[in-house]
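The values are calculated or read from the model by the stated rules, or taken from the named source; none is laboratory data. Bear in mind the structure is a predicted one, so any value in this text is a computation, not a measurement. Cβ: placed from backbone, ideal geometry, glycine included. Neighbour counts: every protein chain shown.
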Protein chains: 6
Amino acid sequence: MNTILILLFCGLVASTCHASNMQDFCVADLKGPDSPSGYHCLPSDTVTSQNFKHSFGEPLTVPFNAKLYAASVKKFPVLNGLGISAFRGELERDGFVPVHTHESNEILIMHQGQLDVGILTPERAYVNTLKPGDLTVFPKGLQHYLVNSGKEKAVAYIAYSSPNPRFNFVHQALFANNVSTKTIAQTTFLDEPQVRKLKARFNGSG
Amino acid sequence: MNTILILLFCGLVASTCHASNMQDFCVADLKGPDSPSGYHCLPSDTVTSQNFKHSFGEPLTVPFNAKLYAASVKKFPVLNGLGISAFRGELERDGFVPVHTHESNEILIMHQGQLDVGILTPERAYVNTLKPGDLTVFPKGLQHYLVNSGKEKAVAYIAYSSPNPRFNFVHQALFANNVSTKTIAQTTFLDEPQVRKLKARFNGSG
Amino acid sequence: MNTILILLFCGLVASTCHASNMQDFCVADLKGPDSPSGYHCLPSDTVTSQNFKHSFGEPLTVPFNAKLYAASVKKFPVLNGLGISAFRGELERDGFVPVHTHESNEILIMHQGQLDVGILTPERAYVNTLKPGDLTVFPKGLQHYLVNSGKEKAVAYIAYSSPNPRFNFVHQALFANNVSTKTIAQTTFLDEPQVRKLKARFNGSG
Amino acid sequence: MNTILILLFCGLVASTCHASNMQDFCVADLKGPDSPSGYHCLPSDTVTSQNFKHSFGEPLTVPFNAKLYAASVKKFPVLNGLGISAFRGELERDGFVPVHTHESNEILIMHQGQLDVGILTPERAYVNTLKPGDLTVFPKGLQHYLVNSGKEKAVAYIAYSSPNPRFNFVHQALFANNVSTKTIAQTTFLDEPQVRKLKARFNGSG
Amino acid sequence: MNTILILLFCGLVASTCHASNMQDFCVADLKGPDSPSGYHCLPSDTVTSQNFKHSFGEPLTVPFNAKLYAASVKKFPVLNGLGISAFRGELERDGFVPVHTHESNEILIMHQGQLDVGILTPERAYVNTLKPGDLTVFPKGLQHYLVNSGKEKAVAYIAYSSPNPRFNFVHQALFANNVSTKTIAQTTFLDEPQVRKLKARFNGSG
Amino acid sequence: MNTILILLFCGLVASTCHASNMQDFCVADLKGPDSPSGYHCLPSDTVTSQNFKHSFGEPLTVPFNAKLYAASVKKFPVLNGLGISAFRGELERDGFVPVHTHESNEILIMHQGQLDVGILTPERAYVNTLKPGDLTVFPKGLQHYLVNSGKEKAVAYIAYSSPNPRFNFVHQALFANNVSTKTIAQTTFLDEPQVRKLKARFNGSG
């Protein structure tokens, strides 16, 4: 009788029940276009348990002694439209993450080691030292950095209020471009030799 | 002169005016994919008065002496993106709607007969008896039930804050699956014979 | 043991569990100020079953042979923040509702009688005749009217995608004000005697 | 080293970095369908500086001595999903913009000349005279008009809280349609000869 | 010169700069009322670095061998309006979290041990076994459970797409209330003795 | 009769009509607290035409030969909850606006003179020269600058998709704080002498 009941209720709200997951979840069809609200949904009858599981996999080695493992929508398509994603960050001794912003809010849970974190607003800085069991928040749009201030590897778990957080590093924005050194120097108040030096380091030109 | 005026203003805000219904309404193209914001829009110059009219049609007989008539986006595509839908519910004498949740808010208007309705939250229950002219609200995510407590058929009109409300019945979620009886019993505190009995009734296995 | 469990989970997510209804529902404190998101919430431990029940009560007689019964947030405060409200409309024979707009989407279910409804957009009109079991939709911002075209009273149930729908009648906007007849005539293309006549009828001046 | 860094971070959050502009911006693919959230995004690696620049171009001559220059999503596709658009309006001496509404909020900056503006709500009118350096706001859904009350051309810059503002003129909605004169007259309280006269003027019938 | 610059720009966008953090962040004033959008903001000039740091503190022992550490808005007020929160969960050997829903999306990162997790939808179940480095997602409104299926303690980090996630346990909703056993049995299909037994266990009555 | 009609319809949707402007507009009570959705609304019966008019007033002289005139919510309270604001910017010959971001989308209309504008993303720069009648867009979160590249004063009109845009200047975020020079240098890749020099210039310390 259960089958009948399901089919009846499905028929009630959907022309074909298996094609309807309009709001419970929407596994991204990464081969199609995206839109301001995200990707198209895969047909719900092709969704299996495997779509709900993701493994961080091998660590990705990033400069500055940082490793990052990502679960954002492009790697974990069930996140499409859900407004959340997660990362694991590992900073070796002396590792750090340069000053950057995101267009989503970030919450960070310290798991191991010690991090110095700072939020740099135009009016003041908010600085903390985090140890295991501590958390911090980086509101969207505010410049922040993380520095391993301990004697061992630092490990943190991170979540974002977006399925596709992007990292807007200040040094990349300022120096990895072909805008003239004169203009960058003028609009950042940096000295031209400093700009030229960092353009050279980060593959900028001009 | 009117035609000129319309064309001018249309030209002002759209490359072709007839292709622009971006926000007034967006009749769902149900043959295309859906996305986190809903379906693609049909070309606006194919929209006619008929797209704005829907008939509940024949009643759909549901178990437990309930009949439901639906106007959700899959039956009434103009609802796409509008954040609303409507139903008519009829519960014969002794009819009821089992405990369930929706991912949208629900408002119910009693038209005929008498219903006992209950909202079951983790902290307490909110219980009412509804007669013609009464209304109630079921906030999204909260378990609720409806029982015909009168001597005649009960009729209610219902609206949801979603174009595609879904019914998440507790008994279907718990028993119409192939998760092991042991696990369901453990995580619901039900006795295993009870779980097995209802798995059998609602086509579950395991 | 249940009490312990509840308290523990409550303590987990709230400093005092009874003060926390932040998202399940938020019964409006109508004595306080409103904000762009609605009213403040009443303390959740003062909420009882009665907050979830509203009765349309006595019919309200409106000119033009229309009666309206409302369940919007000011009468049914649990609707605060829920994005929905409901009405019952009765149009006596020859009754009608003048041309107006809302800033929310509207879905209408015909229950009894017959209504001619029209949506007037700048490009075209969408016109339908509704009989019991029919539904229609009035998207926000689009001018629409309802006329009883049957031989008996027409009864409809209506829901809005807002807890506080407002009626923006064209005749009130144009004529119930003290803007000069000349300006109203110029910017509506109506003749001045027509404007003066309707300003007199609807208590305007100028 | 910069290239490596970019690729690593890109790889972190996207399977292919160049295909990912999910939230920074989403240049509309105007050849594809729209949806309740807007148009599909063009592939981000096809976006150039030119996508970020638009020119108002030649003035568009509108009746009633008004000229309007538009930058909405259909002309400036980078606005897709950004919730904003801009216009330049010029009203020659004696020019005006008839009573209308938008489904987005509007802010107007006076640059030159003088405008009389009025917001007509069902309860009252809010009327102001604007001179260079003055601003006003027209909230969505509220009827408003603009009349050049100065002795020279009036120039204003305008922005909307939508990438695709539409103009819902009262005279077009009421008269540029084929609904019967009798029904329009009944539901607007206008006299039938007035309705017939304006239907004739604005290409309506019925 | 910096001070001047800051004051000038502050003066530009705010009557008093220090009182204006309207959108960067809004630390909750937990002593005031909440609203559909959250709590009032503390004055921004009272916010210090300490507002951006929270410590999970002592573990909270929950029945069923589960411990939960919370960082939701009532414990970490800077989360107000940010749409995110975080938890640490520890399940001892044989520990589990009963079937429940949330009104926010959840992402879970396995850190240690092994968990069997299941999502129970009306149509089917999605079941996975998670080991360190695995992630899963529980979309809002869908019933799910977690069972420690390993031989050691399981540890997971969790984030929600809400600053105030609530746990809606099925057993609490169904049994910790005073609705009659007859009604609960009827609307859940459970046998009355089963309902009575669990009402007794979880402090329900009726 | 108009008065009767208004009162009846008001009574229908509001306990007192004059206190109800819940969604048409909500003039900010700047003396009260703000919340994630904005400020409380002033009582609607205290709102007059003057609330809908704002004057830019005297120019505000900003360093670097820029003058800015603002109409954001703190100066023009009717913008509360409307998602829009407007500015006039004047850059004298050689004037510029340093690299910065906003947490809202920005549209800029060139009125007079010539501006070089650049958007600096981590992957590339989008650079344009704007002349009268040109427009550009700065999406939220992306670094951008403006430089007067003409021989006369440049004048532009600007709107934001927020009632309260904030300016997050890179030089203020990086240098106007008390974070140690060593940490700023490490996390921005700037040389320490450069950091010290700009900390001194912009009133930072450490």
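Here are a few things to note about the model shown:
- Helices (runs of 4 or more DSSP H) lying entirely in region C:143-206 (those with 2 or more residues that are in contact (Cβ under 8 Å) with a residue 12 or more places away in the chain and hydrophobic (A, V, I, L, M, F, W, C)): C:170-175, C:192-201
- Residues of region B:126-141 that are within 7 Å of chain E (Cβ to nearest Cβ) and over 14 Å from the mean Cα position of the chain (by Cα): B:VAL127 alone.
- Checking each residue of region F:71-87 against the condition of being within 16 Å of A:THR183 (Cβ to Cβ) and surrounded by 18 or more Cβ atoms within 10 Å (Cβ to Cβ) gives no match.
- Of all residues in region F:154-187, those being within 14 Å of chain D (Cβ to nearest Cβ), within 28 Å of F:ASP116 (Cβ to Cβ) and either acidic (Asp, Glu) or touching a Leu at 6+ places or on another chain (Cβ under 6 Å) (or both) number 2.
- Condition broken by A:PRO132, with the remaining ones in (1) touching a residue at least 24 places away in the same chain (Cβ under 8 Å); (2) of a type outside the set (Gly, Ala, Ser); (3) not in a strand (DSSP E or B) satisfied: (1)
- Residue check, B:LYS67 part of a loop (DSSP other than H, G, I, E, B), within 12 Å of chain A (Cβ to nearest Cβ) and at pLDDT below 95: no
- Filtering region E:61-115 to residues that are of a type in the set (Asp, Glu) and closer than 16 Å to A:ILE84 by Cα leaves E:GLU103, E:GLU106.
- Residues that are at pLDDT 95 or above and outside any strand (DSSP E or B), drawn from region D:105-129: D:ASN105, D:GLY113, D:GLN114
- Scan of region D:106-123 for residues that are of a type in the set (Asp, Glu) and surrounded by 22 or more Cβ atoms within 10 Å (Cβ to Cβ), ordered by number: D:GLU106
- Count - residues of region D:48-63 that are modelled with pLDDT of 75 or more and either more than 7 Å from chain F (Cβ to nearest Cβ) or under 19 Å from D:GLU152 (Cα atoms) (or both): 4
- Residue count for region C:102-140, restricted to those that are over 20 Å from C:GLU92 (Cβ atoms) and in contact with a Ser or Thr (Cβ under 6 Å, 6 or more places away or on another chain): 7
- Residue within region C:107-125 that is hydroxyl-bearing (Ser, Thr, Tyr) and more than 9 Å from chain D (Cβ to nearest Cβ) present: no
- So A:ALA125, is it touching a helix residue (DSSP H, G or I) at 6+ places or on another chain (Cβ under 9 Å), within 21 Å of F:LEU190 (Cα to Cα) and of a type in the set (A, V, I, L, M): yes
- Taken over region A:166-206, the criterion of being out of contact with any strand residue (DSSP E or B) (no Cβ under 6 Å at 6 or more places or on another chain) and crowded, with 24+ Cβ neighbours inside 10 Å is satisfied by A:ARG166, A:GLN172, A:LEU174, A:PHE175, A:ALA176, A:ILE184, A:LEU190, A:VAL195.
- The set of residues in region E:70-104 that are away from chain F (no Cβ under 14 Å) and within 30 Å of E:ASP45 (Cα to Cα) comprises E:ALA70, E:ALA71, E:SER72, E:LYS74, E:LYS75, E:PHE76, E:SER85, E:ALA86, E:PHE87.
- Taking region C:27-53 as the range and being of a type in the set (Gly, Ala, Ser) and crowded, with 18+ Cβ neighbours inside 10 Å as the test, the residues that pass are C:ALA28, C:SER35, C:SER37, C:GLY38, C:SER44.
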